[in-house]
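Asker: My questions will all concern the structure given below.
The values are calculated or read from the model by the stated rules, or taken from the named source; none is laboratory data. None of the values given here were measured: they were computed from a predicted structure. Note that each Cβ is placed from the backbone with ideal geometry, even for glycine, and that neighbours are counted across all protein chains shown. Side chains included, ligands, DNA and RNA excluded: accessible areas come from the protein's heavy atoms. Shrake-Rupley method; radii C 1.70, N 1.55, O 1.52, S 1.80 Å.
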Amino acid sequence: MERTRIAVAGASGLIGSALVRSLTADGHEVVRLVRRAAHGADEVCWDPAGRYVDLAGLAGCDAVVNLAGAGVGDRRWTEAYKKKIHDSRVLGTAALAETVAALDRPPRVFVNGSAIGIYGETGERVVDEDAPTGHGFLPELCVEWEAAAAPAREAGVRTVFPRTGLVVARAGGAWGRLFPLFKAGLGGRMGDGRQYWSYISLHDEVAAIRHLIERDDLSGPFNLTAPQPLTNREITAAMGRVLRRPALFAVPEPVLRTVLGEMAGDVLGSQRVVPKRLLESGFAFAFPGIEDAIRAA
């Protein structure tokens, strides 16, 4: 990939910070979107809630990557926090898409984050990008989130939606909470453990996003998950093996629902998602198996 100028929103998050490190290490010029006055040529001021982006700051960018959004698992889903989750994604995406469309020389590609939550509960049914969307807060949020990118797509900018699964990383996301529990010998399945978790290593997540940036023939939704989703029971057993700790504890469903509230449905729900389009595009996973992904983290 030749040296390019790439703008990244959400550059301080789990995936965004890893992407910035990867791009910078390879000599690319990275411009970070910040919610304050820009302090240099490598920063662009924006206000997602106010749907404002400094137009001049994105001039000359070859790609714009939007990974911004309030953490879905950061706290209990009160109505106020659900609004924050929604607005941080939908309004921010709309602001960036409108700005991209208004540029005299738009970027080659607009990569806008999304999630496998768009499919809702799938049980044991294997789903790919052709599956219908689900019902409920997360599926409906993801539909609106992707739709907000319409101005960029309508302006002729190649638009890609990486629908990310559960990212296996040492810090941040679901695994950032699991690792300390398992290291303390307190890990185990959640609920009955039969629900499918569609995971991806942080390394492969970043590599897949870069793959989507680089390939001019790729657009639309791509599931960013490992090829073989596993059950929660299988994943927690693998955690115990890799960390050499017992995985005997189980958190009953009623306890999860009491502690997590509505968000428990996301933990107990089953999503058996496969990356059909990503594999068809020739992408090769470095850590496709769960034990390799855990070790990599």
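Asker: Specify which residue in the list 152, 165, 136 is farthest towards the positive end of the charge dipole of the range 125-190, using unit charges on the beta carbon of Lys, Arg (+1) and Asp, Glu (-1), about the Cα centre.
Answerer: Looking along the dipole axis, the top candidate is 165.
Asker: Can you give me the long-range amide H partners of residue 224? Hydrogens built in the peptide plane at 1.01 Å from N, cutoff under 5 Å, separation of 5 or more residues or another chain.
Answerer: Placed amide hydrogens put 163, 164, 165 under 5 Å from residue 224.
Asker: Nearest 20 debye, what's the magnitude of the dipole of the chain about its Cα centre given +1 on Lys and Arg Cβ and -1 on Asp and Glu Cβ? Before the final figure, lay out each step's value.
Answerer: Working: 35 positive and 35 negative charges, 217 e Å.
The dipole of the chain has a size of about 1040 debye.
Asker: Tell me the relative contact order for the chain as a rounded percent, counting alpha carbon contacts under 8 Å between residues six or more apart. Don't skip to the end; give the middle numbers.
Answerer: Working: 604 pairs, mean separation 53.8, N = 297.
This gives 18 percent for the chain.
Asker: Which Cα, out of 232, 247, 46, lies furthest along the positive dipole direction of the chain (beta carbon charges, K/R +1, D/E -1)?
Answerer: 247
Asker: Also: Taking 10 °C and 1.306 mPa s as the conditions, I'd like the Stokes-Einstein D for the range 1-139 in µm²/s, using the Kirkwood hydrodynamic radius from alpha carbon pairs. Each step should come with its number before you reach the end.
Answerer: On the way: Rh = 16.3 Å.
Roughly 98 µm²/s, to the nearest whole number.
Asker: Taking the dipole about the Cα centre of the chain, with the C-beta of Lys and Arg at +1 and of Asp and Glu at -1, give me whichever of 78, 63, 19 is farthest to the positive side.
Answerer: 78
Asker: What percentage of the solvent-accessible surface of the chain, computed with a 1.4 Å probe over protein heavy atoms, is contributed by carbon and sulfur atoms?
Answerer: C and S atoms contribute 53 percent here.
Asker: Still on this structure: May I have the convex hull volume per residue, in Å³, for the Cα set of the chain?
Answerer: Here the figure is 125 Å³ per residue.
Asker: Specify the residue with the greatest mean-square fluctuation among 33, 212, 243, computed from a Gaussian network of the chain linking alpha-carbon atoms under 10 Å apart.
Answerer: It is 243.
Asker: What whole number of Å gives the distance from the Cα centroid of the range 10-39 to the Cα centroid of the range 116-183?
Answerer: Centre-to-centre distance over Cα atoms comes out at 21 Å.
Asker: Is it possible to state the helix-based mean residue ellipticity at 222 nm for the chain, with each DSSP H run of 4+ residues giving -39500 (n - 2.57), the sum divided by total residues, to the nearest 500 deg cm²/dmol? What is it?
Answerer: Theoretical 222 nm ellipticity from helices: -11500 deg cm²/dmol.
Asker: Let me ask you something else. Accessible area per residue for the range 1-72 in Å², computed with a 1.4 Å probe and the full protein assembly in place, what is it?
Answerer: Values: 3190 Å² over 72 residues.
Per residue, the range 1-72 has an accessible area of 44 Å².
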